[in-house]
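Notes to accompany the following structure.
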Amino acid sequence: MTTTTIAKDRVLIFDTTLRDGEQSPGATMTHDEKLEIATLLDEMGVDIIEAGFPIASEGDFEAVSDIAKASKNAVICGLSRANFKDIDRCWDAVKHARQPRIHTFIGTSPSHREITKLDMDEMIQRIHDTVTHARNLCDDVQWSAMDAIRTERDYLCRVVECAIKAGAGTINIPDTVGYTLPDESAAIIRMLVEKVPGADGVIFATHCHNDLGMATANSLAAVAAGVRQIECTINGLGERAGNTALEEVVMALRVRRDLMPYQTNIDTTKIMNLSRRVSQVSGFPVQFNKAIVGKNAFLHESGIHQDGVLKNVETFEIMRPADIGITETNIAMGKHSGRAALRSKLSDLGFDLADNQLNDVFVRFKALADRKKEIYDEDLVALMADSAANTDTDFLQVKWLRVICGSEGQSAELKLLVDGVEHHADTSGDGPVDAAFRAVDQIYPHKARLQLYQVHAVTEGTDAQATVSVRMEEEGRIVTGSAADTDTILASVKAYVGALNRLRVRREKTAPDADMKKVSFKL
Ligand code: KIV
Ligand code: ZN
């Protein structure tokens, strides 16, 4: 596909969950998780997958290059700053794809020019040189004017013209700080389309952050003004308040075709599954009232609403749960449910497992069923998340835990496997969770600081599973851990240990100074 020749009513979906999304503090994904998400995005019909920032670390490079090798339909894109070294590294990673793309960017607003110490003309020269260099390597080059919205309008026209002349086929106009409003977003695109020579031969893209909660609205306004590529992430994951959410723009375009007659290639029935997987692997729970994919998005609580929906579903629903792949009838499973029933139920929920994976999950399912009478869809989703996050090959593994709590004080006794060797600790603390975490720290001392500790009940009832999420920070590295169990303290310790396992992997990543979070956007 050369993206400059799409049908007039097509809008390309560019997913950056694995790059901008993964930049959210704590959302780091493992290599295998990135590969799995990329495969799901490809199967869902995403046109372009931004798979990572190859220069950022060896791990990023390998993830992008493996995703490129495995890609089937989507264009695979890597990010690079405006220098030859970044661009060469990016090309080395994406070149394995059937359809590779180099994405190169530079901050064009006054504050970014100050940081890069380039005056207006020097920056134009840099854009010319880097886009030309990228085009000599790859036919498909995307160029972004970072902080375009706060760039002087005349200068924005000049830099876009330069990038087009140098051979960029896609021009991205990001609202990097989530500052714009729909009218302004549209006006900027209209100005570029009308004024810049060569604008009719390229695809304009929008990349909106959500700092004012406007990302989806701004992206759609840009489409109405001429943009034909929306950059977005699953669940709106991304820096600070996140990015435009893929599920929101895609469903808005589908539901309001009367106002916005554009097609996307997305199989919307795969949305829910992707939302759940991204939430699990990133450790970012989806807020209950999140548009489209939140737990409450299709629930009707008030009597008037329930009555209306029963009589005519259209009274209070603008789309059907099945449109985004919610097929579950939520009939409970229990300890008598067999392997085949579990497989079929998991498949309805979007988890298609190989036999060996099913065996492992079946053992965990039976253990849960012994403790919890009825197992609902939410329980299975939590179980799958737990299986993915905490495996028996982890460096640290919780072997055994006993906690004593109550008015007489709290203490914990823990057996922890460290690289296969069993260690034992006996500690007290201010509350059972504190005592248990101290036991982990005693066996495995570390300098990480607990930044967040969150508990959610998966279903109702006192036997409900708890999902626990923790976020930890060590020398600027932020990781998350999550786990589920009917025993809240055990889930807490597993989540804590899971985060420490991830931290260890992060520490081992080469060249810490090349880490994206530290390099930031400097040239
Ligand atoms: O927000 C932004 O401007 C970006 C660019 C790198 C495209 O993420
Ligand atoms: Zn961004």
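The values are calculated or read from the model by the stated rules, or taken from the named source; none is laboratory data. None of these values were measured; they are calculated from a predicted model. For neighbour counting, all protein chains shown are included, and Cβ atoms are generated from backbone atoms with ideal geometry for every residue, glycine included.
See the values below:
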read-out: Top-ranked residue in region 118-132 [being surrounded by fewer than 20 Cβ atoms within 10 Å (Cβ to Cβ) and closer than 13 Å to residue 82 by Cβ; ranked as nearest to ligand 2 (Cβ to nearest atom)]; value: 126
read-out: Within region 18-49, tally of residues that are of a type in the set (A, V, I, L, M), within 16 Å of ligand 1 (Cβ to nearest atom) and more than 16 Å from residue 481 (Cα to Cα); value: 3
read-out: Residue in region 271-284 that is part of a loop (DSSP other than H, G, I, E, B), more than 16 Å from the chain's Cα centre (by Cα) and aromatic (Phe, Trp, Tyr) present; value: no
read-out: Residue in region 377-398 that is assigned to a loop (DSSP other than H, G, I, E, B), of a type in the set (Ser, Thr, Tyr) and without any contact (Cβ under 8 Å) to a residue 40 or more places away in the chain present; value: yes
read-out: Those residues of region 51-85 which are free of Cβ contacts under 8 Å to residues at least 60 places away in the same chain, buried (at least 24 other Cβ atoms within 10 Å of the Cβ) and touching a Ser or Thr at 6+ places or on another chain (Cβ under 8 Å), in sequence order; value: 54, 80
read-out: Candidate set: region 174-217, residues that are under 16 Å from residue 238 (Cα atoms) and either modelled with pLDDT under 95 or assigned to a helix (DSSP H, G or I) (or both); chosen: the one farthest from ligand 1 (Cβ to nearest atom); value: 216
read-out: Complete set of residues in region 192-207 that are within 16 Å of ligand 2 (Cβ to nearest atom) and farther than 17 Å from residue 218 by Cα; value: none
read-out: Within region 4-17, considering residues that are away from ligand 1 (no atom under 15 Å from the Cβ) and of a type outside the set (Ser, Thr, Tyr), the one nearest to residue 268 (Cα to Cα); value: 13
read-out: Residue count, region 305-345 (criterion: modelled with pLDDT under 75, exposed (fewer than 11 other Cβ atoms within 10 Å of the Cβ) and not in a loop (DSSP other than H, G, I, E, B)); value: 2
read-out: Selection status of residue 408, more than 30 Å from residue 295 (Cβ to Cβ), surrounded by fewer than 16 Cβ atoms within 10 Å (Cβ to Cβ) and not aromatic (Phe, Trp, Tyr); value: yes
read-out: Criterion (within 13 Å of ligand 2 (Cβ to nearest atom) and modelled with pLDDT of 95 or more) met by exactly one of 248, 231; value: 231
read-out: Those residues of region 56-112 which are among the acidic types (Asp, Glu) and out of contact with any strand residue (DSSP E or B) (no Cβ under 6 Å at 6 or more places or on another chain), in sequence order; value: 58, 62, 66, 88, 92
read-out: Selection status of residue 421, surrounded by fewer than 16 Cβ atoms within 10 Å (Cβ to Cβ), within 35 Å of the chain's Cα centre (by Cα) and β-branched (Val, Ile, Thr); value: yes
read-out: Criterion (within 24 Å of residue 41 (Cβ to Cβ), surrounded by fewer than 24 Cβ atoms within 10 Å (Cβ to Cβ), small (Gly, Ala, Ser) and within 15 Å of ligand 2 (Cβ to nearest atom)) met by exactly one of 217, 241; value: 241
read-out: For residue 162: the one exception among (1) surrounded by 23 or more Cβ atoms within 10 Å (Cβ to Cβ); (2) more than 16 Å from ligand 2 (Cβ to nearest atom); (3) more than 15 Å from residue 79 (Cα to Cα); value: (1)
read-out: Every residue from region 430-463 that is more than 24 Å from residue 478 (Cβ to Cβ) and either of a type outside the set (Gly, Ala, Ser) or in contact with a Phe, Trp or Tyr (Cβ under 8 Å, 6 or more places away or on another chain) (or both); value: 430, 432, 458, 459, 460, 462, 463
read-out: Members of region 171-189 found to be over 24 Å from residue 102 (Cβ atoms) and either within 16 Å of ligand 2 (Cβ to nearest atom) or more than 30 Å from the chain's Cα centre (by Cα) (or both), listed by number; value: 177, 178, 179, 180, 185
read-out: Tabulated pairs, region 342-365, first closer than 27 Å to residue 322 by Cβ, second among the β-branched types (Val, Ile, Thr) and not in a helix (DSSP H, G or I), C-beta under 9 angstrom, 6+ apart or interchain; value: 345/331; 348/327; 348/329; 349/327; 350/327; 365/375
read-out: Selected residue [out of contact with any Gly (no Cβ under 7 Å at 6 or more places or on another chain), in a helix (DSSP H, G or I), touching a residue at least 40 places away in the same chain (Cβ under 8 Å) and not aliphatic (A, V, I, L, M)] from 128, 133; value: 133
read-out: Test result for residue 107, closer than 25 Å to residue 35 by Cα and in contact (Cβ under 8 Å) with a residue 40 or more places away in the chain; value: no
read-out: Residues that are touching a Gly at 6+ places or on another chain (Cβ under 9 Å), among the charged types (D, E, K, R) and away from ligand 1 (no atom under 16 Å from the Cβ), drawn from region 144-173; value: 161, 165
read-out: Any pair with Cβ under 6 angstrom, 6 or more apart, that starts in region 138-159 at a residue that is within 27 Å of residue 68 (Cβ to Cβ) and ends at one that is assigned to a loop (DSSP other than H, G, I, E, B) and within 16 Å of ligand 2 (Cβ to nearest atom); value: 145/108; 146/176
